[in-house]
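Notes for the one structure printed next.
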Amino acid sequence: MLRKSLLPLLALALPAFAYEPITLPVIPSDPAIEKKVSETLSRMTLDEKIGQMTQIQLDILGENGPDGFRLVQAKLDTIFGVYKVGSILNAPYSYCLDAEAWNVVIPQIQEASMKYMGIPCIYGLDQNHGTTYTNGGTLFPQNLNVAASFNAEIARRAAEITAYETRASDCPWTFSPTLDLARDPRWPRFWENYGEDPLVNALMGAAAVRGFQGDDPNHIDGNHIAVSVKHFMGYGVPFSGKDRTPAHISPSDLREKHFAPYLEAIKNGALTVMVNSSSINGTPVHADWTLLTKWLKNDLQWDGLIVTDWADINNLYTREKVARDKKDAIRIAINAGIDMAMEPYKVDYCTILRELVEEGSVSMERIDDAAARALRLKYRLGLFDHPNTTLKEHPDHASKKFRKEALESAVETMV
């Protein structure tokens with residue numbers, strides 16, 4: 001393990017980090033990809049566009065059989081044939097599959113998606129400290145320990161190995177790294193990020209993004225995966241100390257400290273962002289146009305995708321009480337800038353969003369923008385040309401070499 005400690009670099013890094021001018025757009029677009037996105041979008045129906053904005057949990061596509069989880073063809077036909085869903089996530093019934101099993105499940109999903117739409121599905125897993133959702137995958141120290149090493153190379157290499165092994169399981173997307181500033185020890189997810197400091201989070205997060213995605217976010221190869229940096233933002237400082245509860249943050253702290261790690265991750269190519277489940281200063285982040293659309297999309301000219309956290313659009317009416325019902329919640333969230341809803345168990349979202357478009361409550365411009373962002377992500381991952389990556393193509397999966405690196409990382413991060 002390379003011992004390139006951040007400690008002697010902090011004084012040098014801080015001025016560049018704090019004052020380096022931002023070059024816009026933060027991720028330069030590829031004209032060839034943009035042409036493909038435009039052509040694909042022009043052929044799509046409204047239902048297909050809304051489907052690209054929908055993500056559901058794997059459970060509803062299958063059942064537990066005598067040999068474990070298996071997909072059910074009738075359910076595949078409904079989800080992809082009728083509702084045109086564009087993304088699936090998570091492990092079945094909260095247990096991990098072997099890489100061999102993932103190599104059966106995800107290709108079947110891709111086959112159904114390509115059959116009904118000619119558009120690949122994008123599968124996502126929470127690979128937060130190694131290949132956590134594949135049995136036998138290589139595990140690394142939690143991010144808080146990685147931060148304690150002040151060695152960004154550990155963050156980069158852990159992400160790189162995790163990406164390789166995740167592709168061995170035929171999954172191209174992870175909901176990681178976590179870049180919340182952890183500043184209250186009561187918060188139960190303290191271990192998941194890189195600590196309380198915005199600079200350390202920014203440098204570690206940028207290294208992790210490079211490790212997961214490689215150095216060219218427009219052309220991610222079969223050994224790398226797209227990231228979703230989370231939870232944008234202020235999630236790690238809840239006033240009560242409890243998870244998914246409101247935060248009170250001064251405007252200057254929000255902009256200069258909590259935003260900083262996400263900005264650095266996006267400058268280093270982060271293609272997607274997951275949103276804070278709760279509220280900041282009384283406004284649910286899933287309903288906050290300023291944070292989602294102005295700060296991320298408009299100010300940075302960022303063309304990536306914003307995905308909700310688990311069922312969080314529903315929380316706008318069940319918990320936050322800023323919406324009358326689910327329909328009103330969907331209207332608020334999509335107009336605020338949400339591109340993909342992690343629903344995760346119901347497809348009525350698709351029907352309701354169509355009604356909102358037909359009524360004029362959500363514009364076609366907003367639908368086209370969100371669907372284009374999902375398509376752009378899939379083109380950048382090469383999924384249209386190669387919907388699947390296999391265990392055979394990744395012979396180092398769960399290798400002794402990777403485990404040795406994980407052990408060295410654990411030793412270096414002990415505090």
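The values are calculated or read from the model by the stated rules, or taken from the named source; none is laboratory data. Remember, it's a predicted structure, so these values are computed and weren't measured experimentally. So basically every Cβ, Gly included, is an ideal-geometry build from the backbone, and we count neighbours across all protein chains shown.
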Within the range 332-342, residues touching an Asp or Glu at 6+ places or on another chain (Cβ under 9 Å) and assigned to a strand (DSSP E or B) come out as Ala341, Met342
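Kindly establish whether Ala270 is within 17 Å of the chain's Cα centre (by Cα), crowded, with 24+ Cβ neighbours inside 10 Å and part of a helix (DSSP H, G or I). I'd like the intermediate steps shown before the answer.
Values: within 17 Å of the chain's Cα centre (by Cα): yes; crowded, with 24+ Cβ neighbours inside 10 Å: yes; part of a helix (DSSP H, G or I): no.
So Ala270 does not fit the description; no.
When you scan the range 224-234, do you find a residue that is surrounded by 21 or more Cβ atoms within 10 Å (Cβ to Cβ) and over 26 Å from Lys378 (Cα atoms), even just one?
Checked the range 224-234: at least one residue is surrounded by 21 or more Cβ atoms within 10 Å (Cβ to Cβ) and over 26 Å from Lys378 (Cα atoms).
Take the conditions acidic (Asp, Glu), surrounded by 17 or more Cβ atoms within 10 Å (Cβ to Cβ) and in contact (Cβ under 8 Å) with a residue 24 or more places away in the chain and apply them to Asp309. Does it pass? Even if it seems obvious, please write down each step before you answer.
Values: acidic (Asp, Glu): yes; surrounded by 17 or more Cβ atoms within 10 Å (Cβ to Cβ): yes; in contact (Cβ under 8 Å) with a residue 24 or more places away in the chain: yes.
Yes; evaluated as a whole, the condition is true for this residue.
Among the residues of the range 273-329, which ones are among the charged types (D, E, K, R) and more than 15 Å from the chain's Cα centre (by Cα)?
Within the range 273-329, Asp288, Lys294, Lys297, Asp299, Arg319, Glu320, Lys321, Arg324, Asp325, Lys326, Lys327, Asp328 qualify.
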Which residue is surrounded by the most Cβ atoms within 10 Å (Cβ to Cβ), if the candidates are limited to the range 347-365 and must be closer than 26 Å to Ile60 by Cα and among the hydroxyl-bearing types (Ser, Thr, Tyr)? Tyr349
Tabulated pairs, the range 47-61, first in contact (Cβ under 8 Å) with a residue 24 or more places away in the chain, second part of a helix (DSSP H, G or I) and of a type in the set (Ser, Thr, Tyr), C-beta under 8 angstrom, 6+ apart or interchain: Thr54/Tyr349; Asp59/Tyr93
Ala206 is checked against (1) in a helix (DSSP H, G or I); (2) touching a residue at least 60 places away in the same chain (Cβ under 8 Å); (3) over 17 Å from Phe232 (Cβ atoms) and fails just one. What number does that condition carry? (3)
Every residue from the range 171-185 that is modelled with pLDDT of 95 or more and closer than 12 Å to Asp243 by Cβ: Asp180
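A quick yes/no check of all residues on (1) buried (at least 18 other Cβ atoms within 10 Å of the Cβ); (2) out of contact with any strand residue (DSSP E or B) (no Cβ under 6 Å at 6 or more places or on another chain):
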residue: His248; (1), (2): no, yes
residue: Asn281; (1), (2): no, yes
residue: Val285; (1), (2): yes, no
residue: Thr293; (1), (2): yes, yes
residue: Leu305; (1), (2): yes, no
Looking at the structure I just gave you, is Ile313 part of a helix (DSSP H, G or I), among the β-branched types (Val, Ile, Thr) and more than 20 Å from Tyr235 (Cα to Cα)? no
Can you name the residue in the range 363-415 that is farther than 20 Å from Ala99 by Cα and among the β-branched types (Val, Ile, Thr) and, of all such residues, is modelled with the lowest pLDDT? Val415
